[in-house]
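Asks: I'd like to ask you about the structure that follows.
The values are calculated or read from the model by the stated rules, or taken from the named source; none is laboratory data. Just so you know, these numbers come straight off a predicted model, no measurement behind them. Methodologically, a virtual Cβ is constructed for each residue, glycine included, from the backbone with ideal geometry; neighbour enumeration extends over all protein chains shown. In case anyone asks, the SASA skips ligands and DNA or RNA and just uses the protein heavy atoms, side chains included. Shrake-Rupley method; radii C 1.70, N 1.55, O 1.52, S 1.80 Å.
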Amino acid sequence: MDKKLRTDMRMVQMMKALLASYVVTGVLLVLLAAMLFWQNLDESKVSLGIKVVYFISTFLGGFIMGKIAGQRRYLWGIFVGICYFLLLAVISFGIYRTFQGSTANIFMICLLCVGGGMFGGMVS
């Protein structure tokens, strides 16, 4: 199999892993919104819930990509986490025309995404 075809297949596989991550993100955020509505959660609990959702979503994406890749799984997981965070940042910037939150918060979310993806890849 030539190198270009292999690279194209990896990109398709990466898109599938990212799509799965974003579907899980959507489902979990809807559940979090329902909990916010019925439980009257305070802002700190909602913020923690969002961070947990990011970690779980990137963990799943890294796990899926690690299973597909078979080798260097943690690196593929890291790559999924980076792509997830970058897409999240682009969407957020496109909507708000600025980055929401402090630099420390953005850095923490980046670490959660990359770490979740890496951990998912390692576990796969």
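Asks: Just one of (1) 16.5; (2) 15.0; (3) 14.5 is Kirkwood radius over Cα pairs in Å calculated from these coordinates, so which is it?
Replies: (2)
Asks: Measure nothing fancy, just the Cα-based angle from helix 73-96's long axis to the longest principal axis of the chain, in degrees from 0 to 90, nearest 10.
Replies: 50 degrees
Asks: Give me the number: length gained by fully extending Ala104 to Lys16, i.e. 0.36 nm times residue separation minus the C-alpha to C-alpha distance, one decimal in nm. Show your work: numbers first, answer last.
Replies: Working: separation 88, 0.36 × 88 = 31.68 nm, distance 3.00 nm.
Length gained, Ala104 through Lys16: 28.7 nm.
Asks: For the stretch 1-104, what does the accessible surface come to per residue with a 1.4 Å probe? Please give it in Å². Don't jump to the answer; show the numbers that get you there.
Replies: Details: 7090 Å² over 104 residues.
Per residue, the stretch 1-104 has 68 Å² of solvent-accessible surface.
Asks: Using a 1.4 angstrom probe and counting only protein chains, how large is the accessible area of Ile91 in Å², to 10?
Replies: Here the accessible area works out near 80 Å².
Asks: Helix 3-39 sits at what angle to the longest principal axis of the chain, using alpha carbons and giving 0 to 90 degrees rounded to 10?
Replies: Result, in degrees: 20.
Asks: Further question: I'd like the accessible area for Met15: 1.4 Å probe, protein heavy atoms, all chains in place, Å² to the nearest 10.
Replies: For Met15, the solvent-accessible surface is approximately 120 Å².
Asks: A further question follows. List, in order, the whole-Hz ³J(HN,Hα) value for each residue of the stretch 115-124 obtained from phi through the Karplus relation with A = 6.51, B = -1.76, C = 1.60 and θ = phi - 60°; use x for Gly and Pro.
Replies: x, x, x, 5, 5, x, x, 5, 6, 4
Asks: Can you give the charge dipole size of the chain about its Cα centre, rounded to the nearest 20 debye, using +1 on the beta carbon of Lys and Arg and -1 on the beta carbon of Asp and Glu?
Replies: For the chain, the charge dipole is close to 500 debye.
Asks: Would you please name the trypsin sites (Lys or Arg not before Pro) within the stretch 30-110 that are DSSP coil residues with at most 16 other C-beta atoms within 10 Å of their C-beta?
Replies: Sites meeting the loop and neighbour criteria: Arg72, Arg97.
Asks: Right, next: So for the pair Phe37, Ala89, with labels modelled 7 Å out along Cα→Cβ, what separation do we get in nm?
Replies: 3.3 nm
Asks: Same structure again: Report the accessible area of Leu88, computed with a 1.4 Å probe over the heavy atoms of all protein chains in place, in Å² rounded to the nearest 10.
Replies: Rounded to the nearest 10, the figure is 40 Å².
Asks: Given a 1.4 angstrom probe, I'd like the percentage of the accessible area of the stretch 57-107 that is carbon and sulfur, rounded to a whole number. List each step's numbers first, then the result.
Replies: Values: 2150 of 3170 Å².
So the carbon and sulfur contribution to the accessible surface is 68 percent.
Asks: Report relative contact order for the stretch 48-111 in percent, whole number only (criteria: Cα-Cα under 8 Å, sequence separation at least 6). Walk me through the intermediate numbers first.
Replies: Values: 36 pairs, mean separation 16.4, N = 64.
So the answer I get is 26 percent.
Asks: Tell me which lysines have Cα within less than 27 Å of Lys4's Cα, excluding those fewer than 8 residues away on the same chain?
Replies: Lys16, Lys67
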